[in-house]
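Here the structure is laid out as structure tokens; the discussion comes afterwards.
The values are calculated or read from the model by the stated rules, or taken from the named source; none is laboratory data. Note that this is a predicted model, so its numbers are computed, not measured. Every residue, glycine as well, gets a Cβ built from its backbone with ideal geometry; the counts of neighbours run over all protein chains shown.
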Amino acid sequence: MRQREGGRIVSVGKGNRGKLGLRNTQDLVCGLFFVAIGLVGLWVARDYPVGTPARLGTGVFPRILCWGMVGSGGIIFIKSLFVEGHPLGHIAWRPVILISIAATAFALLIDPAGLVVAMIAMIIPAAFAGNDFYPKEFTIFSAILIVMGVTLFIWGLGMPIKAFPWN
């Protein structure tokens, strides 16, 4: 028998512990999501060159990262079958949509508009994904983030990215 206790569903009585069955919907969905993202990443990176152990290619890190996602997603999925947890609950759509918009805006603007414009287009929607917005802190954080991005990626690492559209 199951009861709701402080937002969690718990089993009452003996004999249910360790038996296979869906116990944690939230972890089940999360695990499947991680596995799916990892598999899509592996499919996208299938033609990236791996290289040799002495001279690794550009495909090594994406593969390691994606296999890590598949593995951790599998562990989370298996755990959801044995360990009590939370039901799926309400999905906060505003953060999901705004963070997706932020990432998409950055990806679409980085080449034509430059790093600074792309970062501004990424930071603004992401700032409204949360419940609170503080204009002073937002402005300071954004300026620091943009300066750090330009300093690190363009000057420090010498990446072939323009800072502004007119560069």
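Taken over segment 153-167, the criterion of being aliphatic (A, V, I, L, M) and either closer than 14 Å to Ala118 by Cα or assigned to a helix (DSSP H, G or I) (or both) is satisfied by Ile154, Ile161, Ala163. Taking (1) within 25 Å of Ile37 (Cα to Cα); (2) part of a helix (DSSP H, G or I); (3) outside the structural domain of Gly38 (by TED's automatic domain parsing) in turn, Gly130 satisfies each apart from (2).
Listed here are the residues, each with its yes/no results for (1) surrounded by 14 or more Cβ atoms within 10 Å (Cβ to Cβ); (2) within 26 Å of Ile124 (Cβ to Cβ); (3) without any contact (Cβ under 8 Å) to a residue 40 or more places away in the chain.
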| position | (1), (2), (3) |
| --- | --- |
| Trp43 | no, no, yes |
| Lys79 | yes, no, no |
| Trp93 | no, yes, yes |
| Ala103 | no, yes, yes |
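Quick one: in segment 49-77, which of the residues that are in contact with a Gly (Cβ under 9 Å, 6 or more places away or on another chain) and assigned to a loop (DSSP other than H, G, I, E, B) is surrounded by the most Cβ atoms within 10 Å (Cβ to Cβ)? By that ranking, first place goes to Gly59. Pairing residues of segment 22-38 that are within 8 Å of Gly73 (Cβ to Cβ) with residues that are surrounded by fewer than 15 Cβ atoms within 10 Å (Cβ to Cβ) and among the β-branched types (Val, Ile, Thr), at Cβ distances under 8 Å and at least 6 apart in sequence or on separate chains, gives Gly31/Ile75; Gly31/Ile78.
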